[in-house]
Amino acid sequence: MNRRTTLAAATALAVTAGLALAGCGNGETAEQLKVSDAYMPQPVTQKMAGAFFTIKNSGGADKLTSVTSDLSKDVSLHTTSGNKMQHTDSLEIPANGELKLARGGNHVMFMGLKNKPVEGDKVTIELHFATAKPITVEVPVKAVNYKPGDEKK
């Protein structure tokens, strides 16, 4: 073999080995975090909105560290204690447990909306975690007075 053929063969072998190794892993291909029951009550004004959902965790402990969305540049995580709402840097997701974001408790807050979504719209958000990969969620906009379970009545 000449030098060019040897170099081409070595490159092909390296690419093949790299692709084979990329397919190897620890066997965990299923996502450990699943989002359900997402909704956003239709905002009353264009100043702010909230979003709620549940994150179910079938793996080790993690943290929801931030949320991003095209709906607003200022998207943050909040907790509520009594009647006081406050910003928090992250929300714990227990191992083999769940994190529930609901009215009167933990929630996502959007400040200074770029537009005011209406009932029937969907808002795209991206959830960011301490260890897990980001998750994109389509959040349906519900009636202003919507409460989970209303549709079952």
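The values are calculated or read from the model by the stated rules, or taken from the named source; none is laboratory data. As the structure is a prediction and not an experimental result, all values here were calculated from the model. A quick note on method: Cβ atoms are made from the backbone with ideal geometry, for glycine too, and the neighbour counts reach across all protein chains shown. Keep in mind that these areas ignore ligands, DNA and RNA; they rest on the heavy atoms of the full protein, side chains included. Shrake-Rupley method; radii C 1.70, N 1.55, O 1.52, S 1.80 Å.
For the reader, a short list of remarks on this structure follows.
- Of all residues in segment 85-101, those satisfying the criterion of being outside any loop (DSSP other than H, G, I, E, B) and either of a type in the set (A, V, I, L, M) or open to solvent by less than 50 Å² (accessible area, probe 1.4 Å) (or both) are M85, T88, L91, I93, L99, L101.
- The C-beta contact set for segment 120-140 (first residue over 16 Å from G50 (Cα atoms), second residue modelled with pLDDT of 95 or more and among the charged types (D, E, K, R), distance under 6 angstrom, 6+ apart or interchain) comprises F129/D62; A130/D62; A130/K63; T131/D62; A132/D62; P134/E126; T136/E126.
- A Cβ distance below 8 Å, combined with a sequence gap of six or more or placement on separate chains, defines the contacts here; from segment 89-106, residues that are at pLDDT below 95 reach residues that are among the small types (G, A, S) and assigned to a strand (DSSP E or B) in the pairs R103/G50.
- Residue in segment 139-153 that is farthest from H78 (Cα to Cα), counting only those that are open to solvent by less than 50 Å² (accessible area, probe 1.4 Å) and assigned to a loop (DSSP other than H, G, I, E, B): G149
- Scanning segment 73-88 for residues that are of a type in the set (G, A, S) and either touching a Cys at 6+ places or on another chain (Cβ under 6 Å) or free of Cβ contacts under 8 Å to residues at least 24 places away in the same chain (or both) yields S81, G82.
- Residue pairs meeting the criteria (Cβ under 9 Å; at least 6 apart or on separate chains; first farther than 21 Å from E138 by Cβ and touching a residue at least 12 places away in the same chain (Cβ under 8 Å), in segment 57-72; second open to solvent by 40 Å² or more (accessible area, probe 1.4 Å) and part of a strand (DSSP E or B)): S58/K34; A61/E92; D62/E92; K63/E92
- Members of segment 104-138 found to be part of a strand (DSSP E or B), touching a Ser or Thr at 6+ places or on another chain (Cβ under 9 Å) and not hydrophobic (A, V, I, L, M, F, W, C), listed by number: H107, T124, E126, H128, T136, E138
- Taken across segment 24-41, residues that are open to solvent by 40 Å² or more (accessible area, probe 1.4 Å), outside any strand (DSSP E or B) and modelled with pLDDT of 90 or more do occur, with at least one present.
- S76 meets all of the listed conditions (1) among the small types (G, A, S); (2) open to solvent by 50 Å² or more (accessible area, probe 1.4 Å); (3) part of a strand (DSSP E or B) but one, namely (2).
- Yes/no for K114 being touching a residue at least 40 places away in the same chain (Cβ under 8 Å), surrounded by 13 or more Cβ atoms within 10 Å (Cβ to Cβ) and basic (K, R): no
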